[in-house]
Structures are given as structure tokens and as C-alpha cells.
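Coordinate-derived values only; no laboratory data. Remember, predicted model here, so these are calculated numbers, not experimental data. Neighbour counts run over all protein chains shown; Cβ positions are idealised from the backbone, glycine included.
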Ligand SMILES: [Zn+2]
């Protein structure tokens, strides 16, 4: 679950923090609103400061979540329209990236698939934040040959859709059992299955990161993306399917996030009409439940058009043309102010 939940948390943090626009004193957020844009911007910076001082610089959290925190700092720096917020996030991220690389110079002797994936996530974000370690990149590139899609996800998207027979980790002993197992082979405890949407989202995020990092993580992003039509229709909320419902929502938002580089550019809603309609029709539930996390994902994913600050890219759903150049073209260190449109090759999505 670690790899699955973490990117969600990072995105939420990034989405909330990206909301800052240019400070305009005493301008209500909307007519009659209680708070002003200045209040909002101040709150966002306070939140970023909290993440840095209370989480990212705390060794016990940084050890486990450093790779995700670097991604959050980078995404905020790269997408915030508030230049000062962008600068602060980049500086925090750059400093943390140096520390992350210092801590991860050496690969562990027993490198499992989760650790390997986390290291690629962290290395990619560190490089985007202007810090690199060519030796670590070399080692991870070599290690990638030892991890197949089956090792990472227990299924291979090249040949099958996200399945519904992958057990969750055993609640009693933590073991990952083989597909289809109903009871744990170690402790005999009953097992629950992971939902298809959860499996799909995990594979989307991981394969996407592998593509942009230039290190294969399981399978190419295109191999996972092609199953998007098979995931439709997405689940509605019923009396007994809350888990499946939220996994459906997050799968839809992460389909869009990974497709538009976590809000680096806008895609036309024509690209994913079913997903947009699904998210739009479920927005009310998050509002009624005062679910700020999910609301952040909705707002970010649905802001696809009519955004004068960003151009809407045409949808070219040509799967084989995905990322035709090495990931490093996208991963060069970037500083706020020098961020540029993505390579034209990205239109091949
Ligand atoms: Zn067990």
C-alpha cells in the first residue's frame, strides 16, 4: 500500500498548495466569501512551511517518505502560479534533494521491488530539483533489469487488464501472497483482494514515473494507459462499496494526472470524456462530506479548459507514440522561472 497511498498524499498536498495565485490584498475569494486571496496565500505558505519543518526535515518521516516529499516540492515549484511560493518550494526541495541523495548513495544489499521503485521516484525528483548522482542512476538502471511487471504489480499490463485477484498484504503477518490466494500461506489468515481500480492506479503512477525517469518500472506507461477503456464505467457510491468507489475516483484523477504531468499542462476533456463526466457528477459527494482531499483532486482534474494561464493540448491518444525520447529530456534540472513547455514529443500521448 505504501507506494499507492503515498503519491495520493503528495498530489493532495501539491494540489492544495498549487492553489495560490498572485497575492491580491483584500480581494474576496468569491463574492461574499469569508476569506480573501491574501488569507488563502498566507495559509498555503504556512502549510508548506509545516510540511518542510515538521515532516520533511524530520529524519523518521524523511527516511520513509523522502521520495514522495521531493515529488511534492517539485510539483508545487513547477506548477504554482505564485512565483514566490514556487521559489520557496524549489529551495526547500533542492535542499531536501541533496539530503536524500546523501542518504541513498548506496543501494541496500536486499533491494526489493518497493524499495527499488521508491528509489527511482526519489532520484527522478531529486534530478528535477537540480541535484543528481550519476552513480546512483547507473545502479538503478542496472537494477531495473531484475524487476519485471510481475515483481512490481503481480500482473503484466502488456498482456492483461488490471485484475481483481491480487490479495492485499496479510493483515496478520504482512506477507504478500500469490494471486488468487484466499488465505495466507504463512499464517492461514483470510485475505482480502485489492480492487481493480487500486491496481490500475498503482500501475499508472509507477509506469509513468519510470517513463519520465528513463528507467523502466514494470512496463511502459502506454502499456498501462491502454487499459483505461476497460476500467469504464467507474463505480458509483453505494451502501457497501465505499472502498471501490474511492479507488475509482482516485484512478480517474490519476489517469488525468499522469497524462498531463500532474497539471503541467491542460488536456482537453475530450481526451477522457467518461472520466470527466464521472468526476463532475461525483463532486457533490465530496462537498457534502466536507472531504477536502478528494475535493482537491476533483478541482485539479476538472480544471482542464478555460484556463488562460495554460494552453489546452489537443488529445492525441496514440498509445505507441508515448514518450519517444529518453526521460532525461524531461528531467533536466529546472528552476522556477526557467520552466518551459514540455517537449513537443509529449503530444504523442
Ligand atoms: Zn499471514
Fill in the blank from the handout: Rounded to whole angstrom, the alpha-carbon centroid of the stretch 190-217 lies from that of the stretch 73-123 at a distance of 19
Fill in the blank from the handout: Classified through the alpha carbon gyration tensor (a ≥ b ≥ c as square roots of its eigenvalues; rounded if a/c is under 1.5, else prolate when a/b is larger than b/c, else oblate), the stretch 145-187 comes out oblate
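Given the Cα-Cα distance of residue 38 and residue 106 and 0.36 nm per residue of separation, how much length would full extension add, in nm? It would help to have the intermediate numbers written out before the result.
On the way: separation 68, 0.36 × 68 = 24.48 nm, distance 4.46 nm.
That works out to 20.0 nm of additional length.
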Handout entry: Order of 294, 240 - criterion: other Cβ atoms within 10 Å of each residue's Cβ, fewest first
Key = 240, 294
Practice task
Neighbouring Cβ atoms within 10 Å as the yardstick, rank 205, 76, 215 fewest first.
Solution key: 215, 205, 76
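Among 115, 30, what is the fewest-to-most ranking by other Cβ atoms within 10 Å?
30, 115
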Practice task
Would you mind calculating the relative contact order of the stretch 36-187 from Cα pairs under 8 angstrom and at least 6 residues apart, reporting the percent as a whole number?
Solution key: 16
Practice task
With r as the distance between the Cβ atoms of residue 26 and residue 230 and R0 = 35 Å, compute the FRET efficiency 1/(1 + (r/R0)^6) and round to 0.05.
Solution key: 0.10
Exercise for the section: Sort the stretch 187-281 into rounded, prolate or oblate with this rule: let a ≥ b ≥ c be the square roots of the eigenvalues of the Cα gyration tensor; rounded if a/c is under 1.5, and if a/c is not under 1.5, prolate when a/b is larger than b/c, oblate otherwise. Expected result: oblate
